[in-house]
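Let me begin by presenting the structure, written as structure tokens, before commenting on it.
The values are calculated or read from the model by the stated rules, or taken from the named source; none is laboratory data. The shown structure was predicted, so the numbers you read here are calculated from the model rather than taken from an experiment. Backbone-built Cβ (ideal geometry, glycine too); neighbour counts: all protein chains shown. When the accessible area is computed, the model is the full protein with side chains, heavy atoms only, and any ligands, DNA or RNA have been set aside. Shrake-Rupley method; radii C 1.70, N 1.55, O 1.52, S 1.80 Å.
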Amino acid sequence: MENSTMVLGSRGFIKKHEFVRAIIQCLYSLGYRRSAACLETESGISYKSTEFQLLESQIFSGNWDGCVDTLNDIKDLLDDTRAPALLLIFKQCLLEYLNRGEDAVALGVLRNQVSGLHVDRDKIHSLAKFMISLTDIELGKMDDSIVRDLRKKLLAELEKLLPPPITLPERRLEHLVETTVAAWVDSCMYHSSLNAVSLYEDHCCGRDQIPTETIQILTEHKNEVWFVQFSNNGEYLASSSKDCTAIIWKVLEDGKLTLKHTLSSHQNPVSFVAWSPDDLMLLTCGNAEVLKLWNVETGICKHTFGNNAFIISSCAWFPDSKQLVCGSSDPEKGICMWDCDGNEIKAWRGMRMPKVLDLAVTPDGEHLISIFMDKEIRILNMGTNSERVISEECPITSLSISGDSQFFIVNLNSQEIHMWDIAGKWDKPFRYMGHEQQQYVIRSCFGGLDSTFIASGSENSQVYIWNRRKSMPIETLSGHLMTVNCVSWNPKRPQMLASASDDHTIRIWGSSLVNKLQQK
């Protein structure tokens, strides 16, 4: 037998006996049974503990009294575990007695042994009902192969229930390795790669995994650019400007953007755009003006919502791409939900409805989040109609939701960005600082692989990037000459970011590695 006190590693944290046992379990789970058996023989270490091997032999031989004695003899086994394990044993025992027609024996076990277990009485009642419900057709029909399969199932359940070192947690070595890899990724400030992490060396991404360099400057707008947003499939970018136009850009295979359509029918500056989830339509929101729906492929306006008396502040889509919602800065107009033909489906309005500054629908369609009266956030559950209210201390200028519908961020004019969880488990937000925002509407976004990063514009002409787990920026991107109003991260290209500025330009940012390859 291998010396169980031997340790491995430079710091002596790993017990050799436990390590080898976990390797043997891993070999069995991977299907390398001969290799696992060979390692057991050579090391003198068995994957299964002495107690579990005894329990296994007793179960396969139908020695139920022996099983009960073995479980009762295991030291340091808590009653919260022992009782459920015994209940599993008795369930199989009773089933086999009834199958053989030994009803009196089964009844005796149920009365004298099962009823005394320290488990939830409902579980004992359920077991009794299960036994009574078995029909004559079901009983007596279980041959030896069925009985053996049920005993195997019982062993598997006990293996999950009994604690170490009696049994090993399922796929223990894989779990340990995966935990280590996850820790590498979590500690990597720049991780944004879809590639599997190699075990051959400790993982650490460089800053070339995120967009840090300008790869293209778009100059077609003739005035301040207020908003940018990539389509959900990452193949298009939409921008809106003080020049009263919105532009749809096509993202080419090489990462360059080219103009597809200029949308020119607004009379006022265009402050906001929103892609339908299927990316076939685009909404444009005129400043103190109407809302327009456009066909992305043709660039033709399909519908105009509201009128010049309906002042729209923001808009959003529901996941079916058939319904949309918009908010008004006019309290009497409130929030309206329409279909694509302009038919009103639902509305929230009235004298008590405050003005809406921004709103968004979670990608899963379950929540409508609205910003009211500068400092109030309302999260409406669309299924239950229940509402949760969050009050911020400083005025809010914008709202953005993560792609997994779990979190949202708001920009405040106190030069902070706050992240909240949508489920409402957090008592306070996670705060991000470092950028400048005091006067203007600045918009931020989630981005990168699994929404790992947050990006934001700033009044000092910079773009800031944070790792979501850190309060201070990991990158500051320079290039714009005036306030950066809005940023958008390409959801399908983790290394592509767009920023819109008062300097009349849109900058497309990419990784330094991509930029070097393009220059070559």
Between LYS428, LYS346, LYS355, which is within 22 Å of GLY306 (Cα to Cα) and loosely packed, with under 13 Cβ neighbours inside 10 Å?
LYS346
Scanning region 223-278 for residues that are assigned to a loop (DSSP other than H, G, I, E, B) and within 18 Å of SER402 (Cα to Cα) gives SER231, ASN232, ASN233, GLY234, SER276, PRO277, ASP278
Suppose we keep only residues that are of a type in the set (Asp, Glu) and closer than 19 Å to ILE166 by Cα within region 46-72. Which one would you say is surrounded by the fewest Cβ atoms within 10 Å (Cβ to Cβ)?
ASP69
In the list ILE442, ILE465, ILE417, which residue meets the criterion of being modelled with pLDDT of 95 or more, open to solvent by less than 10 Å² (accessible area, probe 1.4 Å) and assigned to a loop (DSSP other than H, G, I, E, B)?
ILE442
Based on what the data block shows, is GLU157 open to solvent by 70 Å² or more (accessible area, probe 1.4 Å), at pLDDT 85 or above and assigned to a helix (DSSP H, G or I)?
yes
In region 6-45, anything in contact with a Lys or Arg (Cβ under 9 Å, 6 or more places away or on another chain), surrounded by fewer than 18 Cβ atoms within 10 Å (Cβ to Cβ) and either β-branched (Val, Ile, Thr) or in a loop (DSSP other than H, G, I, E, B) (or both) is listed as MET6, VAL7
Out of ILE377, ILE335, ILE300, which single residue is modelled with pLDDT of 90 or more and buried (at least 19 other Cβ atoms within 10 Å of the Cβ)?
ILE377
Selection over region 237-257 where residues are open to solvent by 10 Å² or more (accessible area, probe 1.4 Å) and either closer than 22 Å to THR362 by Cβ or touching a helix residue (DSSP H, G or I) at 6+ places or on another chain (Cβ under 9 Å) (or both) yields a count of 2
If a residue must be touching a residue at least 60 places away in the same chain (Cβ under 8 Å), in contact with an Asp or Glu (Cβ under 9 Å, 6 or more places away or on another chain) and not in a loop (DSSP other than H, G, I, E, B), how many such residues does region 468-495 contain?
2
Of the residues in region 258-270 that are under 14 Å from TRP294 (Cα atoms) and buried (at least 18 other Cβ atoms within 10 Å of the Cβ), the one that is farthest from the chain's Cα centre (by Cα) is HIS266
Regarding region 5-15, can at least one residue be identified that is under 26 Å from LEU158 (Cα atoms) and of a type in the set (A, V, I, L, M)?
no
Does GLU289 meet the test of being among the acidic types (Asp, Glu), open to solvent by less than 50 Å² (accessible area, probe 1.4 Å) and either over 29 Å from ASP404 (Cβ atoms) or touching a residue at least 40 places away in the same chain (Cβ under 8 Å) (or both)?
yes
Taking region 195-222, which residues are part of a loop (DSSP other than H, G, I, E, B) and under 16 Å from SER456 (Cα atoms)?
ILE210, PRO211, THR212
Does ASP427 satisfy being in a loop (DSSP other than H, G, I, E, B) and either touching a Ser or Thr at 6+ places or on another chain (Cβ under 8 Å) or farther than 18 Å from ILE396 by Cα (or both)?
yes
Would you be able to tell me the number of residues in region 24-41 that are touching a helix residue (DSSP H, G or I) at 6+ places or on another chain (Cβ under 8 Å) and among the charged types (D, E, K, R)?
2
Cβ pairs under 8 Å, 6+ apart, first in region 227-241 and farther than 17 Å from ARG443 by Cβ, second in a strand (DSSP E or B) and open to solvent by 30 Å² or more (accessible area, probe 1.4 Å)
GLU235/LYS250; TYR236/LYS250; TYR236/LYS260
